[in-house]
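Right, one structure below, let's go through it.
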Amino acid sequence: MSMSNPILPHVSLIPPYPPGRPIEDVAREFGLEPSAIVKLASNENPLGTAPAATEAIRQCNEKTYRYPDFHNFSLIAALAAYCGLPEDHILPGCGSSELILMIAHGFLNHERQSVYPRYSFASYAGASKAAGSEGIACDVHADWRPDLDALLQAGREERTKVVFLATPNNPTGALTPAADVHALAEALPDDTLLVIDEAYREYLDEADRPDISRLLSSRKHIVILRTFSKIFGLAGARVGYAITHPELLKVLQPMGMPFGVNMVGQQAAAAALGDDEFINRSRQHNAVERVRLCDWLTKAGFEYVPSHGNFVLMKSGDGATVSRELMKRGVIIRPVGNYGLPDWIRVSVGTAEENDTFIEALSQVSNIRTHAN
Ligand code: PLP
């Protein structure tokens, strides 16, 4: 009897997602106290969770034996009010990660490709592969800004059905000016889906944020992605949302998991939207601490990319080794070798104390490395 492999060929090519290492994991490996570890590896909000969301989470106590609201009614109502759009434009997901996968499965296969700027968020390539497709990375400028002419040219190819653009981008922190995002949306062929990923939108100045109504009115095939994992401090609750046209929303919705947004996530996210005090405080904190971190990097002679997010990409030399040495000292950052940047690391902006701990640990590690060379 001949045994054939029932696994689809493209499935073994899906790259695993490389997450920031969890605190407990690093504590076990290096024999450290979890409470002494500083995690600056996943661009979470160092100030914690929006207090209004924490209260909403408490109220879920003893209710989670029920399924969540299948239709996300309250969350969609809160998001529609927050975005100033009708409710039929809002599609929540289990993090924007689920929405990226839904898009890939809905628009890509082995005859099609997605395109995005080089050094874009890893899930664009991963989701494209998961759909049996290929993601093509386009050039970026010398200052790390995406080259939108290159993106537009690739977006015009017959095979291209999805264009991903994150602004600001992870892991570089590079901004695509709002006017350029509008111009791209107006210039791409109609039969290509443009995905604008705004995971870090709330950290931007108003003037740098694309105009969502203008983007929606400029084209039929467009999705704007947002998340509660960053400034809202709800990474563990797994909630993101897509903004799109009702016709496209109806196509994407069945691609998601039934009950994909859990009860705690729905309630926490809806509450977090109204917590202006927390959001403003988080934005201000990030602006101050990001400058302080970058000033130190400049003085210490490290090259880094000016960032518009809550993280900084910096040249550390051998990122895998530096990451290990930092972990030994109780600091978790993100090596970015998987992005083709083996000499760089990405560090999230933490609390003032966390940033001091990182600075101290990096000084020790780079001293050792300088003397060893
Ligand atoms: N998009 C970008 C640009 C990101 O940096 C991230 C997470 O780091 C995501 C999407 C996914 O976020 P989540 O699935 O937590 O909503």
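The values are calculated or read from the model by the stated rules, or taken from the named source; none is laboratory data. Note that the coordinates shown come from a computational prediction; the quantities given were computed from them, not determined experimentally. With ideal geometry, Cβ positions are generated from the backbone for all residues, glycine too; neighbour counts draw on all protein chains shown. Heavy atoms of the whole protein, side chains included, go into the accessibility calculation; ligands, DNA and RNA do not. Shrake-Rupley method; radii C 1.70, N 1.55, O 1.52, S 1.80 Å.
Worth pointing out:
- Flag for Ala131 being away from the ligand (no atom under 16 Å from the Cβ) and out of contact with any Gly (no Cβ under 7 Å at 6 or more places or on another chain): yes
- Residue within segment 171-178 that is more than 16 Å from the ligand (Cβ to nearest atom) and on the phi < 0 side of the Ramachandran plot present: yes
- Considering the conditions (1) open to solvent by 10 Å² or more (accessible area, probe 1.4 Å); (2) under 17 Å from Pro210 (Cα atoms); (3) away from the ligand (no atom under 16 Å from the Cβ), Pro146 is excluded by exactly one of them, (3).
- Test: residue in segment 51-66 that is under 28 Å from Phe311 (Cβ atoms), in contact with a strand residue (DSSP E or B) (Cβ under 6 Å, 6 or more places away or on another chain), within 16 Å of the ligand (Cβ to nearest atom) and touching a residue at least 60 places away in the same chain (Cβ under 8 Å): no
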